[in-house]
Amino acid sequence: MDLLSVAGLIVGLVAIIGGNAIEGGHLSGLANLPAALIVIGGTLGAAMLQTPLHTFIHSFRVLGWIFFPPHVHMEANITKVIHWSMTARKEGLLGLEAVAEDEYDDFARKGLQLLVDGGEPESIRGILEVELLTSEEKDIQASKVFEAMGGYAPTIGIIGAVMGLIHVMGNLADPSKLGAGIATAFVATIYGVGLANMLLLPISSKLRSLIKAQSNQREMMIDGLLSIADGENPRTIELKLEGYLDK
């Protein structure tokens, strides 16, 4: 679990709710169902209108990465590639067949199988880079869904505020209805700005960083596999791949 994401969410909520309490406000004052319906429903609707179905569905699949990110262990994977290179040096590329069968990562397993099948280095690079770029673009488009929602939410909040004020103006003759309309107006703005800046935009940025880290790991894997295909010395491969640790 990504404890930093959990801590960030808790700190943000505590700061806002605590600040409201210090000023003498009550939590019930921030709870407004019509405002929430306008902002959340309107934001989701706008995102659905903009986004293809498969991208929209995928965006909520990768949302879990915020708290349970994909495993990126660059040092461990470099060690694994060095082990593969030593195996190939002793037993030949066919010696990696058993390794490929036991490999849990689909991308690495595919690369190993291409090595075992005797693929040319450039052919292997082409196949793996197509998979890398396709997967990366798919995930990036998913992260952009939350970025788009972060752009829509404040504007939808303003729409909610205007609707609340229209309700107020239509009930000036009945003071008992003014409070609810004014509350919806202000709370809708808070919901829109808060949803965008506390959740949606940070989620989009976090997903982008996770996608970049995953892509860097796969780029390292491609370089390592091609070095094995070229018959490079394990020590040389290790020195080459250590450069990825600075990214």
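Listed values, structure above:
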| item | result |
| --- | --- |
| Output for the range 103-113, where each listed residue is part of a helix (DSSP H, G or I) and surrounded by 15 or more Cβ atoms within 10 Å (Cβ to Cβ) | Phe107, Ala108, Arg109, Lys110, Gly111, Leu112, Gln113 |
| Complete set of residues in the range 118-156 that are small (Gly, Ala, Ser) and in contact with a Leu (Cβ under 8 Å, 6 or more places away or on another chain) | Gly118, Ser123, Ala142, Ser143, Gly150, Ala153 |
| Residue match in the range 160-181 (condition: surrounded by 15 or more Cβ atoms within 10 Å (Cβ to Cβ) and either modelled with pLDDT of 90 or more or within 31 Å of the chain's Cα centre (by Cα) (or both)) | yes |
| Entirely in the range 1-102, the helices (runs of 4 or more DSSP H) that have 2 or more residues that are touching a Gly at 6+ places or on another chain (Cβ under 9 Å) | 3-22, 33-50, 74-91 |
| Test: Ile82 is in contact with a helix residue (DSSP H, G or I) (Cβ under 8 Å, 6 or more places away or on another chain) and within 20 Å of Asn197 (Cβ to Cβ) | no |
| Residue list for the range 114-134, restricted to those being touching a residue at least 60 places away in the same chain (Cβ under 8 Å) and buried (at least 16 other Cβ atoms within 10 Å of the Cβ) | Leu114, Leu115, Gly119, Ile124, Arg125, Leu128, Leu132 |
| Residue identified as more than 15 Å from Tyr152 (Cβ to Cβ), surrounded by 13 or more Cβ atoms within 10 Å (Cβ to Cβ) and in contact (Cβ under 8 Å) with a residue 12 or more places away in the chain among Thr55, Thr51 | Thr55 |
| Candidates Trp65, Trp84 - the one that is in the same structural domain as Ile182 (by TED's automatic domain parsing), over 22 Å from the mean Cα position of the chain (by Cα) and either at pLDDT 85 or above or under 19 Å from Leu201 (Cβ atoms) (or both) | Trp84 |
| Residue in the range 200-219 that is nearest to Ser143 (Cα to Cα), counting only those that are aliphatic (A, V, I, L, M) and surrounded by 20 or more Cβ atoms within 10 Å (Cβ to Cβ) | Leu207 |
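The values are calculated or read from the model by the stated rules, or taken from the named source; none is laboratory data. As the structure is a prediction and not an experimental result, all values here were calculated from the model. Note that each Cβ is placed from the backbone with ideal geometry, even for glycine, and that neighbours are counted across all protein chains shown.
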